[in-house]
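So the structure is just underneath, and the comments pick up after that.
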Amino acid sequence: MVAACARVHPPGQPGADGTETSVEAVAASSSALAQSGDVPGDPDDASVTSSPSAAPSATAAPSATASPSTSGSAAASGAPAPTASTSAAPLAPVAKPATVVVGDPKFTSGEAPKAKAAVEKLKSKIVACVDDHGGLTGDSGEIVVQFLVRMQGIAEGVDIVSARGVGPEAKSCVRDLMKKKSVGAPTSDPTGVEIALQLTPKSDGAAKVK
């Protein structure tokens, strides 16, 4: 569409500025505007001359997405989700009250005839050492005590040779119990003594060891 042009004066008559405008000049100007398409006020011109920078970006920035969880991946693949182990921890051995039997002593370089009887008198305290420090942890147990006796008849250098079915605190208690105890004079000075203390669980209704 060609916009209205300047007012056309009849040929030979001057315009407002005192010049004459011919019909041919007006027609030529209108034809040139039509060919160039640069018509003032034409709304289609805005779409042609719009800045390329105003166009929206072809691709939008990718939005951050959370990493799929393990259970979601398992569900998508059809594999079962991992589960916590249901196996229970092994139970600790049940401690039991004990009874003690004093074995026959073994001697080195002589004998100590009263040694067994002296240890028999300590049975209740030996049982207390076991029961008060964890109890008997198996169907049976044993504490092997070793010491040296001289003419004064006193247990010296007491040590625990071996132990089973009891904890370290029970062993220490028995060792301390035997230190400096009177066990009778030996036949030879010095004489080594080794005594095994056999431990068994105390049965229900059994009489307390004196």
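Go through segment 160-170 and report how many residues are among the β-branched types (V, I, T) and surrounded by 16 or more Cβ atoms within 10 Å (Cβ to Cβ).
Within segment 160-170, residues that are among the β-branched types (V, I, T) and surrounded by 16 or more Cβ atoms within 10 Å (Cβ to Cβ) number 2.
Please enumerate the residues belonging to segment 130-149 that are among the β-branched types (V, I, T) and under 35 Å from the mean Cα position of the chain (by Cα).
T137
Just to verify a result, which residue in segment 99-146, among those that are more than 16 Å from S172 (Cβ to Cβ), in contact with a strand residue (DSSP E or B) (Cβ under 6 Å, 6 or more places away or on another chain) and polar (S, T, N, Q), is surrounded by the most Cβ atoms within 10 Å (Cβ to Cβ)?
Among them, the one singled out is T99.
What tally of residues in segment 111-142 results from selecting those that are assigned to a helix (DSSP H, G or I) and touching a helix residue (DSSP H, G or I) at 6+ places or on another chain (Cβ under 7 Å)?
The total comes to 4.
Which residues, counting only those in segment 177-194, are surrounded by 18 or more Cβ atoms within 10 Å (Cβ to Cβ) and either hydroxyl-bearing (S, T, Y) or part of a strand (DSSP E or B) (or both)?
Selection gives T191, G192, V193.
Which members of segment 147-159 meet the condition of being touching a helix residue (DSSP H, G or I) at 6+ places or on another chain (Cβ under 8 Å) and either surrounded by 15 or more Cβ atoms within 10 Å (Cβ to Cβ) or of a type in the set (S, T, Y) (or both)?
F147, V149, A155, V158
Mind counting the residues in segment 149-176 that are without any contact (Cβ under 8 Å) to a residue 40 or more places away in the chain, at negative phi and part of a strand (DSSP E or B)?
Number of matching residues: 10.
Coordinate-derived values only; no laboratory data. This is a predicted model, so every value here is computed, not measured. Heads up, the Cβs are rebuilt from the backbone with ideal geometry, glycines too, and the neighbour counts pull from every protein chain shown.
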